[in-house]
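The values are calculated or read from the model by the stated rules, or taken from the named source; none is laboratory data. The structure presented is a predicted model; accordingly, all values stated were derived computationally and were not measured. Virtual Cβ from ideal backbone geometry, glycine too; neighbours counted across all protein chains shown. Only protein heavy atoms, including side chains, enter the accessible area calculation; ligands, DNA and RNA are left aside. Shrake-Rupley method; radii C 1.70, N 1.55, O 1.52, S 1.80 Å.
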Amino acid sequence: MNPLQMSLSEMAEGVRQQKLSSRDLVEFYRGRIQKFDKEINSFISLNEEAGAEASRIDEAVKSGRSNGRLLGVPIGIKDLLCTKGLATTAGSKILSNFIPPYDCTVVSRLKEEGAIVLGKLNLDEFAMGSSNETSYFGVCRNPWNKAYVPGGSSGGSAAAVAMGLAPATIGTDTGGSIRQPASFCGVVGFKPTYGRVSRYGIVAYASSLDQAGPMTRSVADAALLSEVISGQDPLDQTTTQRKVPTWQSQLKADLKGLKVGVLKEFVTDSLHADVKKTVNAGIEALCEAGAEIVEVSVPLTKFAVPVYYLIAASEASSNLARYDGVKYGHRAEFSSLSGLDLETFYSKTRGEGFGDEVKRRIMLGTYCLSSGYFDQYYTKACQVRRLIKNEYDSAFAKCDVIVSPVTTTPAFKIGERVSDPLQMYMNDLFTTSTNLAGLPGISVPFGFSVDRLPIGVQLTGAPFAEQSLLNCASALEVAANLKGVVPYES
Ligand code: GLN
């Protein structure tokens, strides 16, 4: 059996029935990482204990263990999620020596179901970026064309799945960081509703927007992983008490009775012709699967990017204040600490530890939060955020799911946008409003550009209506029929 052609459930079932061993699965993926990751740079570190952990699962199965929805399945984790005993760097020099003493809730839940942490994946520093170019550990490359970015910030998580270096990975999405790299790399990327997944133990970027989610080869795998990682957590007060539905078993690609809204604002001057074509084909496929197509409008999406960057930078400037070199992380070298004033200690440490993009966000955010400007910037952004949410509420009175592009263009070349942060930020035009409104969103691979770069279609759902969203995703997946279309020789 070729693991590259198996679903996560099939792998877990295979391990449970002893038709394949978890150890072999881990070795298989480690072998591929060794062979292919030099060029891609999707992993920052590997879990050296993965093989031993897999053997322990195999032993447990032999002596009767049969539970675990991910029994013996290796999963890659974005290096923003704390993993006990395994370095968690957030892609930054300032955390390059940080080894967490505990697992974040997402990783504990994966382990409870028998999953094995394969390694930690590359990302933009502190998840700030859209191209994986701000990582302290070097750029990650798009497996479809190595001159191109994989997207960001969960670039490593997307590239690893696309290249078959992990059967599935976990990413995080604050303004598009799961959906955008998923689209660029041709994998499924799903951000559940804000509050579904605990943020406990995930290095905080912008707490009111951050949400973890799966990056997978199929919609069914994304549904399963989301079920495993979702649910109330006493350690994160923003998690919902709602029960987690069984999304995977209820998946159906028949959309009769569903209304799909086409976002009127998606046709912009900046929209690439190949993206437009792909999204239009996606809309047709949804219609053919039985959905009724209606037009909806969220006019304030035109302000989503500035509102997002004000709120995200403000929250980031506050969250990142903790990295001061005192208790953990990088500390600047001083010949002697005696006589050293605290400000010099902090500024040298932080000056060395953070990269340029992170510094830019800290400065921007600190400015927005400063007295005298707070109301003008931060409060105003929060008010517009509320209005965007209200517009979505009205849109969802007319439809169940909204379809739109993920980004205006397919993946761009490495280096092409680094010197123009505004152009880079505009890449988030269609993804950020989903986070501002706390909605679930997914990117499903649906086509290719003329240059043979993948293009995804984005679906956005009403709060907690993940099932309708996943069903539409499933219909797109069936229509796209891209199974086996991969960037490596299979
Ligand atoms: N590109 C966006 C940013 O730089 C989104 C990042 C994310 O979702 N983590 O903030």
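From the list Ser433, Ser443, Ser404, the one residue that fits, being open to solvent by less than 10 Å² (accessible area, probe 1.4 Å), within 14 Å of the ligand (Cβ to nearest atom), modelled with pLDDT of 95 or more and outside any helix (DSSP H, G or I), is Ser443.
If only residues of the range 116-152 that are in contact with a Pro (Cβ under 7 Å, 6 or more places away or on another chain) and open to solvent by 10 Å² or more (accessible area, probe 1.4 Å) are counted, the one that is farthest from the ligand (Cβ to nearest atom) is Trp144. Give the residue that is nearest to the ligand (Cβ to nearest atom), with candidates limited to residues of the range 418-430 that are crowded, with 20+ Cβ neighbours inside 10 Å and in a loop (DSSP other than H, G, I, E, B). So the residue we want is Asp428. Among the conditions (1) more than 12 Å from the ligand (Cβ to nearest atom); (2) over 22 Å from Ser9 (Cα atoms); (3) touching a helix residue (DSSP H, G or I) at 6+ places or on another chain (Cβ under 9 Å); (4) not in a helix (DSSP H, G or I), Ile170 misses just one, which is (2). Of the numbered criteria (1) part of a helix (DSSP H, G or I); (2) modelled with pLDDT of 95 or more; (3) in contact with a Ser or Thr (Cβ under 9 Å, 6 or more places away or on another chain), the one Glu265 fails is (2). Beta carbons closer than 7 Å, at least 6 apart along the sequence or on distinct chains, pair a first residue in the range 154-173 that is within 13 Å of Lys120 (Cβ to Cβ) with a second that is basic (Lys, Arg) and open to solvent by 10 Å² or more (accessible area, probe 1.4 Å) for Leu165/Arg32. Scanning the range 60-70 for residues that are closer than 16 Å to Glu113 by Cα and free of Cβ contacts under 8 Å to residues at least 60 places away in the same chain, we see that the one that is most open to solvent (accessible area, probe 1.4 Å) is Asn67.
Restricting the search to the range 325-361, which residues are surrounded by 10 or more Cβ atoms within 10 Å (Cβ to Cβ), in a helix (DSSP H, G or I) and more than 16 Å from the ligand (Cβ to nearest atom)? Talk me through it step by step, then tell me what you get.
Of the residues in the range 325-361, the ones surrounded by 10 or more Cβ atoms within 10 Å (Cβ to Cβ) are 325-326, 328-332, 334, 340, 344-361.
Those still in the list that are in a helix (DSSP H, G or I) too: 344-353, 356-361.
Correct list: Thr344, Phe345, Tyr346, Ser347, Lys348, Thr349, Arg350, Gly351, Glu352, Gly353.
With respect to the conditions (1) surrounded by fewer than 18 Cβ atoms within 10 Å (Cβ to Cβ); (2) in contact with a helix residue (DSSP H, G or I) (Cβ under 7 Å, 6 or more places away or on another chain); (3) in a helix (DSSP H, G or I), Gln18 lacks only one, and its number is (3). Pairs linking a residue in the range 220-243 that is of a type in the set (Lys, Arg) to a residue that is open to solvent by 10 Å² or more (accessible area, probe 1.4 Å), with Cβ atoms under 7 Å and 6 or more positions apart or on different chains, are Arg242/Phe464.
Test Gly164 against the stated conditions and say whether it is over 30 Å from Phe464 (Cβ atoms) and of a type outside the set (A, V, I, L, M, F, W, C). Yes; evaluated as a whole, the condition is true for this residue.
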